[in-house]
Amino acid sequence: MKDSIRKPFVAGNWKMNGSNELVESFVSNLALNPDVDIVICPPAVYLSKLSSASFEVGAQNASEFASGAHTGELSLGMIAESGCKYVILGHSERRENHAESNELVARKVKATIEMGLIPILCIGEPLNVRESGGVFDFVKAQLDAVAKECGAQYIKNSVIAYEPIWAIGTGKTASPEQAQEVHAFIRKELTALDASAAASVRLLYGGSVNAGNAKDLFAKIDIDGGLIGGASLKIEDFTTICLAAS
Ligand code: PEP
């Protein structure tokens, strides 16, 4: 039986996609589902426009700094002012393409919680790590860095997304069993720090979730919803995925 203290959660990561037209279509047409927390994370320029919608809005990244000479960056204060409740942190595209280390991601998680926002902390292994059997060690190191910086209290203030890098944007989804195995490991690791927070933290799966495979993934006991990339740009598919979570 799934644990009913964890309300299902589905977040759409639009990455660097979208337009005024897509924003308007989501604001007008995205069906809400009272049984699921639904969050859209658009490019930052659309945050304010989407914040008038009745679903929640999140940013895709944030600076660890409050202000200053950081051209191109957004502070957490700005993100809060644009109506966000959530911030995706440590997405593999940030870790890989912008050299974000476990320690930097951990500092961002701390700053986000201090700002009163909720991190959607992304973790997950590349293909070579999966093939060499190192998944648990890899994911544990990512979690340990956050616990070292923030203490166990981050667990009750965060959502955590397991996103195997080999499954992101590739069409190669982890099987429900592969995903569940890592989710169970993550929950066990968190339980060692704070059992009650670990029982209630939402663990999302991300990596080529679509309207066809969402239901089987979300049926697994430790998978509380999804972080959705490509399929979050199609309102019908995203709606089907949200329904699958409920
Ligand atoms: C993501 O970017 O977080 C993601 C899971 O992408 P996709 O669903 O396209 O694999």
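The values are calculated or read from the model by the stated rules, or taken from the named source; none is laboratory data. All values reported here derive from a predicted model rather than from experimental measurement. Please note: Cβ atoms are built from the backbone with ideal geometry, for glycine as well, and neighbour counts cover all protein chains shown. Note: accessible area is taken over every heavy atom of the protein model, side chains too, but ligands, DNA and RNA are not part of it. Shrake-Rupley method; radii C 1.70, N 1.55, O 1.52, S 1.80 Å.
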May I ask you to verify whether Val27 is without any contact (Cβ under 8 Å) to a residue 40 or more places away in the chain and not aromatic (Phe, Trp, Tyr)? yes
Turns out the helices (runs of 4 or more DSSP H) fully within the range 159-246 with at least 3 residues that are touching a Phe, Trp or Tyr at 6+ places or on another chain (Cβ under 8 Å) are 176-193, 235-245
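Taking the condition in contact (Cβ under 8 Å) with a residue 60 or more places away in the chain, open to solvent by 30 Å² or more (accessible area, probe 1.4 Å) and basic (Lys, Arg), does Lys110 pass?
no
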Please state which one of Ile79, Ile123 is touching a residue at least 24 places away in the same chain (Cβ under 8 Å), closer than 24 Å to Gln180 by Cα and β-branched (Val, Ile, Thr). Ile123
Do you know which of the residues in the range 1-46 that are small (Gly, Ala, Ser) and not in a loop (DSSP other than H, G, I, E, B) is nearest to Gln60 (Cα to Cα)? Ala44
Pairs with Cβ under 8 Å, 6+ apart, first in the range 210-221 and within 11 Å of the ligand (Cβ to nearest atom), second at pLDDT below 95: Asn210/Thr173; Asn213/Thr173
Please give the number of the condition Ser246 fails out of (1) over 17 Å from the mean Cα position of the chain (by Cα); (2) surrounded by fewer than 18 Cβ atoms within 10 Å (Cβ to Cβ); (3) away from the ligand (no atom under 15 Å from the Cβ); (4) at pLDDT 95 or above. (4)
Between Ala53, Ala69, which is in contact with a Phe, Trp or Tyr (Cβ under 7 Å, 6 or more places away or on another chain) and open to solvent by 10 Å² or more (accessible area, probe 1.4 Å)? Ala53
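Given the structure, is Leu30 surrounded by 12 or more Cβ atoms within 10 Å (Cβ to Cβ) and within 16 Å of the ligand (Cβ to nearest atom)?
no
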Thr191 fails exactly one of (1) without any contact (Cβ under 8 Å) to a residue 12 or more places away in the chain; (2) β-branched (Val, Ile, Thr); (3) under 22 Å from Val36 (Cα atoms), namely (3)
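Is it true that Ala192 is open to solvent by 10 Å² or more (accessible area, probe 1.4 Å) and closer than 21 Å to Pro119 by Cα? Break it down into steps so the answer makes sense when it comes.
On the way: open to solvent by 10 Å² or more (accessible area, probe 1.4 Å): yes; closer than 21 Å to Pro119 by Cα: yes.
Here the answer is yes, as Ala192 does meet what is asked.
Considering only residues that are of a type in the set (A, V, I, L, M) and touching a Lys or Arg at 6+ places or on another chain (Cβ under 6 Å), which ones fall in the range 149-176?
If the condition is that a residue be of a type in the set (A, V, I, L, M) and touching a Lys or Arg at 6+ places or on another chain (Cβ under 6 Å), then Val159 is the only one that fits.
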Contact list, first residue from the range 140-157 and at positive phi, second anywhere and of a type outside the set (Lys, Arg) and surrounded by 14 or more Cβ atoms within 10 Å (Cβ to Cβ), beta-carbon distance below 9 Å, six or more apart or interchain, is Gly151/Leu193
Sort out which residues of the range 113-125 are closer than 15 Å to Ala161 by Cα and either open to solvent by 10 Å² or more (accessible area, probe 1.4 Å) or in a helix (DSSP H, G or I) (or both), and write them in order of number. Ile118
Whichever residue in the range 84-107 is in a loop (DSSP other than H, G, I, E, B) and buried (at least 17 other Cβ atoms within 10 Å of the Cβ) and, among such residues, is farthest from the ligand (Cβ to nearest atom): Cys84
State yes or no: is Ala174 away from the ligand (no atom under 16 Å from the Cβ) and surrounded by 15 or more Cβ atoms within 10 Å (Cβ to Cβ)? no
